[in-house]
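The values are calculated or read from the model by the stated rules, or taken from the named source; none is laboratory data. Just so we're clear, the structure is a prediction, and the values are computed from it rather than from any experiment. FYI the Cβ positions are ideal-geometry reconstructions off the backbone, even for glycines, and counts take in every protein chain you see.
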Amino acid sequence: MLRPYGGMMISDTARTILSHAMPGARLREAAALGDRTLLLAIGEGRRAVLRLGGEADAWAGNPLAAEASALAAMRAEIDLPLPELLAYDDGAGMGRPYLLCSHLEGVPRSERERGAGGVRAMAGR
């Protein structure tokens with residue numbers, strides 16, 4: 001069962017945000033990837049990652065704003081597979097900040113390295 005977020009169940013939160021970010025899109029499933037990160041199955045075969053904002057840090061500001069800016073800057077400068085920023089809201093439009101980006105298939109490098117001897121194997125290179 002998915003955890004509550006902001007007084008709503010995660011799937012309800014995801015559905016509400018998705019209807020705001022991508023009108024007409026249909027949420028088929030939402031699975032938690034972390035405390036405030038969800039993998040969404042949208043429509044037929046499309047997946048997206050939804051990051052839900054927490055409290056802004058007095059010194060660092062809004063971490064989702066920094067993530068959205070960094071992702072946009074990296075996509076413009078680096079020729080690597082990076083997620084596409086689908087939507088970002090600082091909380092003014094929805095009442096809670098979120099970042100929605102495309103999902104990239106694959107295995108995280110950290111998991112691949114663990115299977116091949118992990119960080120220790122890399123340190124000897």
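Structure values in brief
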{"read-out": "Test result for A65, touching a His at 6+ places or on another chain (Cβ under 6 Å) and crowded, with 16+ Cβ neighbours inside 10 Å", "value": "no"}
{"read-out": "The lone exception for D57 - which of (1) of a type outside the set (G, A, S); (2) at pLDDT 90 or above; (3) touching a Pro at 6+ places or on another chain (Cβ under 8 Å) it fails", "value": "(2)"}
{"read-out": "Filter result for A87 (touching a residue at least 12 places away in the same chain (Cβ under 8 Å), out of contact with any Asp or Glu (no Cβ under 8 Å at 6 or more places or on another chain), closer than 17 Å to L39 by Cβ and buried (at least 17 other Cβ atoms within 10 Å of the Cβ))", "value": "yes"}
{"read-out": "Contacts under 6 angstrom Cβ, first residue in segment 15-37 being surrounded by fewer than 17 Cβ atoms within 10 Å (Cβ to Cβ) and among the β-branched types (V, I, T), partner modelled with pLDDT of 90 or more and assigned to a strand (DSSP E or B), 6 or more apart", "value": "T37/R51"}
{"read-out": "Elements of type strands (runs of 3 or more DSSP E) contained in segment 34-117, each with 2 or more residues being over 21 Å from G24 (Cβ atoms) and under 13 Å from the mean Cα position of the chain (by Cα)", "value": "46-52"}
{"read-out": "Residue check for S11: of a type in the set (S, T, Y) and at pLDDT 80 or above", "value": "no"}
{"read-out": "Pair list, Cβ under 8 Å, 6 or more apart: segment 103-119 residue loosely packed, with under 11 Cβ neighbours inside 10 Å and at pLDDT below 70, other residue part of a helix (DSSP H, G or I) and not small (G, A, S)", "value": "V119/E113"}
